[in-house]
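Derivation of every value follows stated rules applied to the coordinates shown; laboratory data play no part. In this text, all values refer to a predicted model and were calculated from it rather than measured experimentally. Backbone-built Cβ (ideal geometry, glycine too); neighbour counts: all protein chains shown.
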Amino acid sequence: MKRYPAFDPPEYVDWEPDPGLVDEYRERTSADPRRREVLAGLERQDLLDLYRGLLRFRLHDITLQRWVRRGVISKAWLGTGEEATTVGAVHALNRDGRQGDYVGPMIRNAGACHEMGMPVADMLRGYLGSLDSPTEGRDLHVGDMDHGVVTPISMVSSLSTVMNGFALAFQRRGEDRVALTWVGDGATKHGEAHEALNFAAVRELPVIFVIQNNQVALGTRLDQHHGPEDFSEWGRAYGADLLEADGNHVLDMYAATRLAADRCRAGKGPVFLAAETFRMGGHATHDVEEARRTFPAELFERWGRRDPIGLYEEFLARGGVEDPVDPPETGREERKRIRSELEEIEEQVTRQVEEAAERALESRRERMPEGPEAEGGVFAEGSPGGTSGAAHGEGR
Ligand SMILES: Cc1ncc(C[n+]2csc(CCOP(=O)(O)OP(=O)(O)O)c2C)c(N)n1
Ligand SMILES: [Mg+2]
């Protein structure tokens, strides 16, 4: 993809594929027989849609960074380098709005919203706080139940118990549906995460917890808040199934999530999906320098070579788009043709995100809420025994 020197992490600016990592990427799609079988079922279009989703996430974040630079917003929380952990998982679900599976994305999983079908403009409006944003200007955490996206609140791990609630409802109604949420390595240290993992395991709920280990929680490194090297033993501790996945490999995430969802649908949930990835920036746009001081430069270099978009692009061009589990050798001409197809997709997605940004800025010019509007919709209207005044926050 086109690189953005003003906004990309320095490791991405002159990104070139590392041949060893490309080989590993290819090997991983066929190493596990069950994942291989899942991936063998993917159509060319599915593979390109995953690429589209990764790009959309990166470009959504570039837009936010541009706005920070221009003073439109004060800061933004990005998923740079972690896009595959979100996009691969979401694409493996049944994305059928209210009738389908439900996801609960944290702020670093913005890609889940647009990949479930929410318009990018609405997500950007969330940041701008306009009246036509999903929360009518109240919060930048956005969701939309019409697209199966549960709106998060900012308290980390609180979504886990909420998603258990949905999964419990699916189970009690005998519905063939799954709930999925992402729990950061840091969020796993909150008591509510423990409650959620335990309750889900004890009740065998159809829920997937993607443990998104990006090696850091705000300014605290994994080794400062976590005893073991990783999360591989956490399934055993709770008596739940655990799968491990490469969080920078969109197809590995896709395959693992599909297997996890199958297990849940068969009544054998929950599944913990431990995904290893790395936060290529700061906690948000304000502390990038601090984050760079938190880790040795070598770690950024190592993960920088594993850009989930660059690697996937290379994989597709080297035959992955024709057959993801047994890619044919592509010659120069063939690779050129595939690359130009990918470029065309990139142009479309870039245009889509730019137009969304334009529409969101229009809302900022014309649809910002007035002060008193903050009082509306705080309490449910017409609740039994409630007064209409309660809907506007009076007398409470
Ligand atoms: C209950 C709670 N405590 C503290 C915070 C402040 N806080 C926001 S993000 C964060 C770190 C989260 O780390 P992690 O779960 O690893 O997610 P990441 O930011 O790395 O994606 C903290 C402590 C919060 N939002 N909620
Ligand atoms: Mg983290």
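Remarks
- Length added when fully stretched, Glu233-Val72, from 0.36 nm per residue minus Cα-Cα: 53.6 nm
- Of the GluC sites (Glu not before Pro) found in the range 225-323, those in coil by DSSP whose Cβ has at most 16 other Cβ atoms within 10 Å are Glu229, Glu233, Glu322.
- Cβ crowding within 10 Å ranks Arg337, Arg203, Arg332 as Arg332, Arg337, Arg203, fewest other Cβ atoms first.
- Approximating the spin labels as points 7 Å out from Cα along Cα→Cβ, the Asp326-to-Lys268 distance works out to 2.6 nm.
- Neighbour-count ranking [beta-carbon atoms within 10 angstrom, fewest first] of Thr220, Thr85: Thr220, Thr85
- Three-way shape label, the range 63-177, alpha-carbon gyration tensor, a/c 1.5: prolate
- For Asn164, net neighbour charge (Lys/Arg +1, Asp/Glu -1) across residues whose Cβ lies under 14 Å away: 0
- Inter-label distance, Asp46 to Arg3: 3.3 nm, where each label sits 7 Å from its Cα along the C-beta direction.
- Estimated [θ] at 222 nm from DSSP helical runs (n ≥ 4, -39500 (n - 2.57)) normalised by residues in the chain, nearest 500: -14500 deg cm²/dmol
- Dipole magnitude (debye, nearest 20) for the chain, charges at Cβ of Lys, Arg, Asp, Glu: 580 debye
- Per-selection Rg to Rh, the range 10-367 - Cα, Kirkwood hydrodynamic radius: 0.95
- Residue (of Gly174, Gly81, Val120) at the positive-pole extreme of the chain, dipole from beta-carbon charges: Gly174
- Rounded, prolate or oblate (a/c below 1.5 giving rounded, otherwise prolate when a/b exceeds b/c) for the range 117-195 by Cα gyration tensor: oblate
- Counting only DSSP beta bridges whose two residues both lie in the chain, roughly 10 percent are antiparallel.
- Computed from the C-beta positions of Glu366 and Val288 and an R0 of 35 Å, the FRET efficiency is 0.60 to the nearest 0.05.
- Model label points for Thr135 and Asp96, set 7 angstrom from Cα along the Cα-to-Cβ axis, are 3.1 nm apart.
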